[in-house]
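A short reminder: the numbers here are calculations on the coordinates, not readings from a lab. Remember, predicted model here, so these are calculated numbers, not experimental data. Neighbour counts run over all protein chains shown; Cβ positions are idealised from the backbone, glycine included.
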Amino acid sequence: MTQSSAPIAIGIDVGGTQTRVAAIDPNGLVRARCQRPTAELSDADRLVGWLADAAATIERETAVNPGAVPPAGIAVPGTLDSNRRTVVRSLNLPFLQGLPLADMLAKRFGRKPALLTDADAATWGEYNARRPRPGRFVHLRLGTGVACGAVIDGHVQRLDVDRRDHLDLLVADTGQSALPCPCGRRGCLETIASGPAIELAARQLIGTTNLNGIQAAWEQGHRPVTQLLEHVADALAIVLARLASHFGTRVLYLGGGVAERLPCLLELMASRLRHTGSQKPEGTPTPEPAILGDDAGVVGAGLWGMLAANGPSLPAGSDP
């Protein structure tokens, strides 16, 4: 752990696989951290208790302004109500649904944390890590679930308000054989390009659900795996082209555990986007890798907590 005299915020990222808590400085650097498998925190009381204990431990270890109460931000998978106080729906962590999570944490933290979606947190973290910061920043994240976020002219775009299913922008397959998604729709990108979807398909082909093993099989020219990943890349190319058109940008950023562990997807997608983009006057959408890795959500949550604590300094329209 690193000692620092810089002001910090507590960033929390409740993920489908891991829950992370970290001290984040104003430059977006992680000064101390801890994490735990989310499966071990599978009810509200256990989750809130562990988050409060982890935050207290990190505050002691960073030794920043003893006695002060650092601001905090918490990212959760799913959609939130319009006031960002309650989790409306969380497909991968249903025990969060209906919880006034910000208020519950406020009682244990001694402060009311800013609540935001994991997609917005990762997008905000990745956006702030870029120099220079793009005027239009669109981030697609592939992990246990699939979600996207956007920052336009410094303003986080609210894409989640009171939603109970995936965005139209994230529907990749509109055919009659499109797979049903847990959100209630069919053909969502999550049914094709999420970690669990790819692992399920790979298990039937090569008997492994390890994404690194899938990447290795592709590198070795394993034809069934290549066909599987080409199918995933096709779906991703459809969604990325749609996001590029909707948000008026050619560069899109791809992050999350799937993107990190299957770098072949970026190569396959780029090829497909070049093919479709060459037929359009507006040009070819370009996918770029995210740069913060697993820290994107916790960094974004911490930086958002700082903004929320400062109130008037928030970008107009961000509505924390």
Antiparallel versus total DSSP beta bridges in the chain: what percent is that, nearest 5?
65 percent
What ³J(HN,Hα) values, in whole Hz, does the Karplus curve 6.51 cos²θ - 1.76 cosθ + 1.60 give for the stretch 193-202 when θ = phi - 60°, with x put for Gly and Pro?
10, 6, x, x, 5, 5, 5, 4, 5, 5
Along the stretch 37-46, what does the Karplus equation 6.51 cos²θ - 1.76 cosθ + 1.60 (θ = phi - 60°) give for ³J(HN,Hα), rounded to whole Hz, x for Gly and Pro?
x, 4, 4, 7, 10, 8, 9, 4, 5, 5
Can you grab the distance from the C-alpha centre of the stretch 32-49 to the C-alpha centre of the stretch 199-226, Å, no decimals?
31 Å
When the chain is modelled as a GNM with alpha-carbon springs shorter than 10 Å, which of 284, 144, 191 fluctuates the most?
284
Using mean Cβ contacts within 10 Å as the protection proxy, how do 148-160, 82-94 order, highest first?
148-160, 82-94
What shape does the stretch 156-308 take by its C-alpha gyration tensor, where a ≥ b ≥ c are the square roots of the eigenvalues and a/c under 1.5 counts as rounded, a/b above b/c as prolate, and the rest as oblate?
rounded
Debye, to nearest 20: dipole size of the stretch 9-118, +1 on Lys, Arg Cβ, -1 on Asp, Glu Cβ
160 debye
Residue-wise HN-Hα coupling along the stretch 89-96, computed from phi with Karplus coefficients 6.51, -1.76, 1.60 (Hz; x: Gly, Pro):
8, 9, 5, 8, 9, x, 5, 7
Which value, in debye to the nearest 20, describes the size of the charge dipole of the stretch 131-290 about its Cα centre when Lys and Arg Cβ atoms bear +1, Asp and Glu Cβ atoms bear -1, and nothing else is charged?
220 debye
Between the stretch 231-255 and the stretch 78-130, what is the separation of their alpha carbon centroids in Å?
25 Å
Hull shadow area, averaged, the stretch 9-118 [alpha-carbon convex hull, nm²]
6.3 nm²
Please get the size of the charge dipole for the chain, origin at its Cα centre, with Cβ charges of +1 on Lys and Arg and -1 on Asp and Glu, quoted in debye to the nearest 20.
280 debye
Counting sequence-distant residues (5 or more places) and residues on other chains, those with an amide H built under 5 Å from that of residue 31 are 23, 24, 25
Check residue 187: other-chain or 5+ apart residues with amide H under 5 Å from its amide H, H built from backbone geometry?
179, 181
For Cα pairs less than 8 Å apart in space and 6+ apart in sequence, what is the mean separation divided by the residue count of the chain, i.e. the relative contact order in percent?
22 percent
Once Lys and Arg are counted +1 and Asp and Glu -1 for all other residues with Cβ under 11 Å from that of residue 290, the total becomes -3
Extension gain, residue 36 back to residue 251 (0.36 nm per residue minus Cα-Cα distance, nm):
74.0 nm
What does the helix-only formula give at 222 nm for the chain: each DSSP H stretch with n ≥ 4 adding -39500 (n - 2.57), the total divided by the residues, and the result rounded to the nearest 500 deg cm²/dmol?
-12000 deg cm²/dmol
Using amide H atoms built 1.01 Å from N in the peptide plane, name the residues 5+ places from residue 18, or on other chains, whose amide H lies under 5 Å from its own.
38
For helix 118-129, report the angle its Cα long axis makes with the longest principal axis of the Cα atoms of the chain; keep it between 0 and 90° and round to the nearest 10°.
80 degrees
Please check: in the Gaussian network model of the chain (C-alpha springs, under 10 Å), which one of 257, 11, 305 has the largest mean-square fluctuation.
257
